[in-house]
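A quick write-up on the structure given underneath.
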Ligand code: KIV
Ligand code: ZN
């Protein structure tokens, strides 16, 4: 049994201890620590460019997140620059940088976050027997020594220091207590006990956090924090169980993205505590009406779609299909609805716009859907809206969301753009694509007759004109709304020189969406700073 960590006695929670969760009558504030830009960005294919990270960080601050983990500054110059610029510009949240317990890491984290009015350094070191033996090859004494040195160095730079014993939920109780106590003595103000591999269960984490609160003598000098991965689908339940046992901070991500199966979803932990306030007796600073817009922004920026039935922010989260449910809803909403869709940021009605709708109506609808556009963005979206309205009589919220998101996430230089294309294909015949692209003022045209279908032929044509070769790793097309005239959104993941890039394209014509998605990926490749 490689994972056994319950070698010491377990302790049941003391109902009279301060902040012991559901047994209390007073409510307490839970800090929301968002790690979308760090752990979330570690999701395969989710990497974001600098402009996108800044946009997401601002959205997290607007959402009311207490602490934004903006990145891992030592990881790359690009990561460093992103954390630094977020610290320089985003206000209203503490900005945190991650570091291993090494001088270089901690110095880089401080150099990046020091510009923020409220900055935090988060140092981590693995503590479980498996990690000590096979990864670090260090003894328990060496681990304690390294953790203390790391926390001390971080504390020499700033007052707000978080320490994470990595794989803490599989660490022997006695040793975990020892490391935690030493880290707090060295200056840690938050102790985060991560379930790094998503292995624990609600009862087990409840006992672990209760045990720490009872056995670590200086535990009251730090905020206890939970950071759960979702490998067994229990990240949200485990986070809430840790809160019930006295944790005062939850680490989570928008849409639950993160390493492997992801982290606890921010929207889920927040709405669980809000909807079941009677049980948890906890509050957060989160502006819940911003949950859906923030979820859409992160989904767009990372290219990771939110499944339809995802709790809180999924498209079907408030859709009632069965006749019995609809009947109940019409008589009394609370029969089948425990939260209101407006409370999490879904717009009240799916208003229909059309070709006679003006710029003001479009801006108003976009605002209701959670997007505040600059006049330039509005102009660009309006132009696309008019083109779409010529093709499609009724324009729904889903169409507008697709157009707006495409526009606002497309804030990089457009080196290559589409002028026009023509395609012929059919059963038992080679496809033909004739494509014209623009680069600056110059137009380039190529005709190719190769590939196993029009999409493959479009790839060949784009590669031929731009001179950039791409390996297609993932391709998906989905409709933004219902109906056969709906906008088709193509999401691409391509590889170029060993690196992964995303591309998104929207159009009512799926070959055109594919070409636009390819150009989007190519513009990312060209626009990427060399040092990254
Ligand atoms: O999952 C984990 O253990 C982490 C740490 C760096 C906190 O992400
Ligand atoms: Zn993690």
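Pop out the Kirkwood hydrodynamic radius of segment 393-476 from its pairwise C-alpha distances, inverse of mean 1/r, in Å to one decimal.
On the way: mean 1/r = 0.0674 Å⁻¹.
Hydrodynamic radius (Kirkwood, Cα pairs) of segment 393-476 is 14.8 Å.
As I understand it, the value is the acute angle between the Cα axis of helix 103-113 and the longest principal axis of the Cα atoms of the chain; what does it come to in degrees, rounded to 10?
So the helix axis and the longest Cα principal axis differ by about 60 degrees.
What is the helix-to-structure angle for 77-89, meaning the angle in degrees between its Cα long axis and the longest Cα principal axis of the chain, kept from 0 to 90 and rounded to the nearest 10?
Once rounded, one gets 80 degrees.
Along each of its three principal axes, how wide is the spread of alpha-carbon positions in the chain, in whole angstrom units, largest first?
Rounded to whole Å, the extents work out to 73, 60, 46 Å.
Counting only Cα, what are the radius of gyration and maximum Cα-Cα distance Dmax of segment 416-531, in Å?
Cα radius of gyration and Dmax of segment 416-531 are 14.0, 47 Å respectively.
How far is it, in nm, from the label point at residue 307 to the one at residue 133 when both lie 7 Å from their Cα along the line to the Cβ?
With each label point 7 Å from Cα toward Cβ, the separation is 3.5 nm.
Write down the Å³ per residue value for the convex hull defined by the alpha carbon atoms of segment 49-90.
54
Quick one: the Cα spread of segment 301-435 along its three principal axes, in angstroms, biggest first?
Extents along the principal axes: 57, 46, 32 Å.
How big is segment 126-247 by the Kirkwood estimate over distinct Cα pairs, in Å?
This gives a value of 14.2 Å.
What nm distance separates the two modelled labels at residue 360 and residue 374, each placed 7 Å from Cα along Cα→Cβ?
According to this spin-label approximation, the distance is 2.4 nm.
Output the relative contact order of segment 416-531, whole-number percent, from Cα pairs under 8 angstrom with separation of 6+ residues.
Relative contact order for segment 416-531 comes out at 18 percent.
At a Förster radius of 35 Å, what calculated FRET efficiency corresponds to the Cβ-Cβ distance of residue 325 and residue 201, to the nearest 0.05?
It comes to 0.65.
Based on alpha-carbon atoms only, what is the radius of gyration of segment 82-169 relative to the globular estimate 2.2 N^0.38 Å?
For segment 82-169, the normalised Cα radius of gyration is 1.16.
Could you check the spin-label model distance between residue 26 and residue 337? Points 7 Å from the Cα along Cα→Cβ, value in nm.
About 3.6 nm, to one decimal.
Which value results for Rg/Rh of segment 17-155 when Rg is the Cα radius of gyration and Rh the Kirkwood radius based on the inverse mean 1/r? Don't jump to the answer; show the numbers that get you there.
On the way: Rg = 16.8 Å, Rh = 16.3 Å.
Rounded to two decimals, Rg/Rh equals 1.03.
Using Cα atoms only, what is the angle between the long axis of helix 140-157 and the major principal axis of the chain, expressed in degrees (0 to 90) to the nearest 10?
70
So if we plug the beta-carbon distance of residue 452 and residue 51 into 1/(1 + (r/R0)^6) with R0 = 35 Å, what FRET efficiency do we get, rounded to 0.05?
The formula returns an efficiency of 0.45 here.
Rounded to a whole number, what is D in µm²/s for segment 347-407 from Stokes-Einstein with the Kirkwood radius over alpha-carbon pairs (37 °C, 0.692 mPa s)?
The estimated diffusion coefficient comes to 292 µm²/s.
Let me know the volume per residue of the alpha-carbon convex hull for segment 28-302, in Å³.
Numbers: hull volume 30.4 nm³, N = 275.
Cα convex hull per residue, to the nearest whole number: 111 Å³.
Place a point 7 Å from the Cα of residue 156 along the Cα-to-Cβ direction; which residues of segment 85-124 have their backbone N under 12 Å from it?
103-104, 106-107
Using 0.36 nm per residue, how much length does the chain from residue 499 to residue 414 gain when fully extended, once their Cα-Cα distance is taken away?
28.6 nm
Let me check I have the definition right: for segment 87-126, take the eigenvalues of the Cα gyration tensor, multiply each by 5, take square roots. What are those semi-axes in whole Å, largest first?
Working: eigenvalues 80, 20, 5 Å².
Semi-axis lengths for segment 87-126 are 20, 10, 5 Å.
Looking at the P(r) of segment 180-271, how many percent of alpha-carbon pairs lie beyond 14 Å?
Summing the P(r) of segment 180-271 above 14 Å gives 60 percent of all pairs.
Every read-out reported here was derived from the displayed coordinates using simple, explicitly stated rules and does not represent laboratory data. Only a predicted model underlies this, so the values are computations on that prediction, with no experimental measurement involved. Cβ: placed from backbone, ideal geometry, glycine included. Neighbour counts: every protein chain shown.
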